Amino acid sequence: MSGKIRVGVLGATGMVGQRFIQLMDGHPYFEVVAVGASPRSAGKTYAEAVAGAWKMTTPIPAAVAAMIVATCDAAHFVDCRLIFSGLDASVAGAIETAHAAAGRYVISNSKNHRRDPLVPLVVPTVNAAHLAVVAQQQQRRATPGWIVTNANCSTTAMVVPLKALQAAFGPLRRVMVTTLQAISGGGYPGVPSMDILGNVVPYISGEEEKIEWETGKILGGVETAAAAAGDDGDASAFVHDPVRVSATCTRVPVVDGHTCCVSVEFACDTPPSLAAVAQAFRDYRFDGQDLALPTKPQHAIVVTDDPARPQPRLDVDAGNGQSVTVGRIRECSLFHVKFVALCHNTILGAAGSSLLNAEIMKERGLLGRA
Ligand SMILES: NC(=O)c1ccc[n+]([C@@H]2O[C@H](COP(=O)([O-])OP(=O)(O)OC[C@H]3O[C@@H](n4cnc5c(N)ncnc54)[C@H](OP(=O)(O)O)[C@@H]3O)[C@@H](O)[C@H]2O)c1
C-alpha cells in the first residue's frame with residue numbers, strides 16, 4: 001500500500017484522460033488504480049487502447065500501460081475514493097452521478113453538471129472557496145459522494161485575469177471576448193485536417209454560451225442562507241456575479257493553448273490606469289496560494305511586456321501549464337481596458353484544474369482519509 005489516495009480516471013483514453021495519466025505519474029497524493037473508457041476500449045490494456053493515439057510527450061507510465069481498461073460502470077471502481085472524469089459529454093452526466101451515488105468523490109471536466117445549483121464550478125486559481133459546498137451537496141442531496149466540476153477551457157483562460165481585476169478594483173460591468181482555440185480542445189481526433197489547416201473555423205458548438213454563463217458562477221460567491229434554513233431542495237448554493245459577457249469562439253490551427261482577446265468595462269466611475277491593471281495581474285494571489293500543493297503554479301498569472309506575446313508556441317507551458325499568460329494590456333476605445341490571455345487547454349483548462357482542485361481539497365480535509 002502506497003498510502004496515497006486511490007484514483008480512477010474515466011475517459012482515460014481521450015485528450016483530457018491522457019493528461020490526467022501523465023500529470024499523476026509520481027504524484028505524491030494520488031495513485032491511479034483504475035481506468036475507464038468506452039466499450040470500444042474496454043478489455044484492452046491501456047497501452048493497446050491508446051495505441052497510435054497517445055498524444056503526450058512523455059511515455060505512458062508503466063503501471064497504467066498494463067492496466068485493463070474497464071467500462072465506466074460504477075461497479076468497476078469500488079477501490080477508488082476519488083474519480084477524475086474526462087468523459088465525453090454525451091455520457092458523462094449519468095455516469096458521474098452514479099459514481100457519486102456509490103460514495104465516490106467525482107471531479108469532472110464535462111459540461112453536464114456545471115449548472116447544477118449544488119455543484120461547485122471551480123477554477124482552482126480563482127474560486128477555491130466554492131469547493132466547500134460539497135458538504136451541502138451531500139447533505140441536501142443525501143448522497144455519500146459528491147461532484148465538483150472545472151470550467152470550460154476558454155472560460156478558464158479568461159476568468160483568472162478577470163478575478164485579479166475584480167479583486168483589485170471591484171465589480172466588472174461588461175466583458176467582450178474573442179477566442180482562438182486549439183484543436184486539442186475538441187478531443188481526439190478532433191476537427192479534420194482538411195477543415196483546420198490554413199483555416200479558422202468561426203464556430204464551436206455551445207462554447208459561447210458556456211463562457212457567457214460560467215463566468216458569473218465562478219466570479220460569484222457562496223450562498224449560505226438556503227443551507228442555514230435547512231433547505232433540502234435545489235435552492236442554489238451560489239450567488240452569480242452580475243457581470244455581462246459577450247463571446248465569439250473560433251477554432252484555429254494550434255495544437256495546444258487557447259487564446260482569449262478580452263475587453264473589460266469596470267463598474268467603477270474612474271477606471272484604473274493601465275499600469276495599475278498590469279500591477280494587479282502581477283500581484284494577484286489566489287485562495288490556496290499559501291498551501292504547499294504539488295502542481296500549484298508559482299504565479300497564477302504571468303505578465304508579458306513583449307508586444308508580440310503571449311503566443312501558444314512560446315507561452316503555453318507557463319507554470320507547467322497551470323498559469324495564464326497575459327499580455328498586450330492596453331486601453332480599449334469602447335470599454336476600459338483590453339488584453340490577451342492564454343492558457344493550456346488540457347492542463348489548467350482541464351486535467352490540471354481538476355488535479356489542483358483535488359490537491360486543495362485534500363489539504364482542506366475535504367477528501368476524507370486515504
Ligand atoms: N480537450 C480539452 O481541451 C477539454 C478542456 C476542458 C474540458 N473538456 C471536456 O472534457 C471531456 C473530454 O474531452 P476530451 O477532449 O478528452 O475528449 P476525447 O478525446 O474525445 O475523449 C473522450 C473520452 O470519453 C470516452 N467515451 C466516449 N464515449 C464513451 C462511452 N459511451 N462510454 C464511456 N466512455 C466513453 C472515450 O473513450 P474511447 O477512447 O474508448 O472512445 C474517451 O476516453 C469532454 O466533456 C470535453 O468537453 C475538454
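Per residue, the convex hull around the alpha carbon atoms of segment 113-190 comes to 128 Å³.
Surface composition of the chain: carbon plus sulfur atoms hold 53% of the accessible area, using a 1.4 angstrom probe and ignoring ligands, DNA and RNA. Of the trypsin sites (Lys or Arg not before Pro) found in segment 330-370, those that fall in a DSSP loop while having at most 11 other beta-carbon atoms within 10 Å are R369. Please compute the modelled spin-label separation between D306 and T143, points set 7 Å along Cα→Cβ, answer in nm with one decimal. Going by the 7 Å Cα→Cβ label model, 4.4 nm. Computed over protein heavy atoms with a 1.4 Å probe, the accessible surface of the chain works out to 41 Å² per residue. A292 versus A62, label points 7 Å from Cα toward the beta carbon: distance in nm? In this crude label model, A292 to A62 measures out at 2.9 nm. In terms of its Cα atoms, segment 153-344 spans 57, 42, 40 Å along the principal axes, sorted from long to short.
With a Förster radius of 30 Å applied to the beta-carbon distance between A101 and V239, the computed FRET efficiency rounds to 0.65. Equivalent-ellipsoid semi-axes for the chain (Cα gyration tensor, √(5λ), whole Å, largest first): 32, 25, 18.
Taking trypsin sites (Lys or Arg not before Pro) across segment 249-316, the ones in a DSSP loop with at most 13 further Cβ atoms lying within 10 angstrom of their Cβ are R285. Give the lysines reachable from K163 as a straight Cα distance under 28 Å; neighbours fewer than 8 places away on the same chain don't count. Within the straight-line limit of under 28 Å, K163 reaches these lysines: K111, K210, K217, K296, K338, K362. Here's the picture: a label point sits 7 Å out from the Cα of R40 along the beta-carbon direction, and within segment 7-33 the residues with their amide nitrogen under 15 Å of it are 11-18. Per the Debye calculation on segment 248-350 with a single equal scatterer at every Cα and no solvent contribution, log₁₀ I(q)/I(0) for q = 0.11, 0.13 Å⁻¹ amounts to -0.36, -0.51. A cut-off of 5 Å between modelled amide H atoms, ignoring neighbours fewer than 5 places along the same chain, links R251 with Q181, V201, Y203. Using θ = phi - 60° in the Karplus curve 6.51 cos²θ - 1.76 cosθ + 1.60, the 3J(HN,Hα) couplings for segment 319-326 round to x, 6, x, 9, 9, 9, 9, 10 Hz; x is entered for Gly and Pro.
Cα extents for segment 139-231 along the principal axes, largest to smallest and rounded to whole angstrom: 57, 39, 17. A simple spin-label model places pseudo-atoms 7 Å from Cα toward Cβ; at A94 and N199 they are separated by 3.4 nm.
Across q = 0.13, 0.23, 0.26, 0.27 Å⁻¹, segment 1-80 modelled as identical point scatterers on its alpha-carbon atoms has Debye log10 I(q)/I(0) values of -0.34, -1.08, -1.36, -1.44, in the order of the q list.
Summing charges over all other residues whose Cβ lies under 15 Å from the Cβ of L291, with Lys and Arg as +1 and Asp and Glu as -1, gives 0.
The values are calculated or read from the model by the stated rules, or taken from the named source; none is laboratory data. Small disclaimer: the values here were computed from a predicted structure and weren't measured. Glycine gets a Cβ as well: all are built from the backbone with ideal geometry, and neighbour counts include every protein chain shown. These accessible areas exclude ligands, DNA and RNA; they are computed on the full protein's heavy atoms, side chains included. Shrake-Rupley method; radii C 1.70, N 1.55, O 1.52, S 1.80 Å.
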